Amino acid sequence: MRPALEPGDRLLVRYGATPRAGALVLARFADGTLAVKRVAYAATTASGRPGWFLLSDNAEAGVDSRHRGPVPEDGVLAVVRLRVLPRSGRIPPG
């Protein structure tokens, strides 16, 4: 799949919004890394907490839940609503 975002894109996000499958989200992995990833589905973490299985649009280059496991619900910080710059517009669904 072709990535929906390019380096340098500026995004409008909504903190506290509930993610859904196919949405792009701002997430914090357990090591503190912030990343924009696509929600695949609701999942359970290794500790039994509810969470989300997140994927990279570019599977060959990205690190995601296939490598690090599901992200806990509180690790998904915001849902991406729009790309603001350099080219405005809605983000294509996954």
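None of the figures in this text is laboratory data; all of them are computed from the coordinates on show. None of the values given here were measured: they were computed from a predicted structure. Every residue, glycine among them, receives a Cβ derived from its backbone with ideal geometry; neighbour counts consider all protein chains shown.
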Which ones in the stretch 31-51 are among the hydrophobic types (A, V, I, L, M, F, W, C) and surrounded by 12 or more Cβ atoms within 10 Å (Cβ to Cβ)? ALA35, VAL36, VAL39, ALA40, ALA42, ALA43
Hey, does the stretch 38-50 have a residue that's in a strand (DSSP E or B), of a type outside the set (S, T, N, Q), touching an Asp or Glu at 6+ places or on another chain (Cβ under 7 Å) and under 14 Å from PRO72 (Cα atoms)? yes
Condition (residue is farther than 20 Å from GLU6 by Cα and either hydroxyl-bearing (Ser, Thr, Tyr) or assigned to a helix (DSSP H, G or I) (or both)) applied to the stretch 54-65: is it met by at least one residue? yes
Can you name the residue in the stretch 36-67 that is under 20 Å from ARG20 (Cα atoms) and among the charged types (D, E, K, R) and, of all such residues, is farthest from the chain's Cα centre (by Cα)? ARG49
Which ones in the stretch 13-37 are in a strand (DSSP E or B) and among the hydrophobic types (A, V, I, L, M, F, W, C)? VAL13, LEU24, VAL25, LEU26, ALA27, LEU34, ALA35, VAL36
Residues (surrounded by 11 or more Cβ atoms within 10 Å (Cβ to Cβ), among the basic types (Lys, Arg) and without any contact (Cβ under 8 Å) to a residue 60 or more places away in the chain) located in the stretch 1-21: ARG20
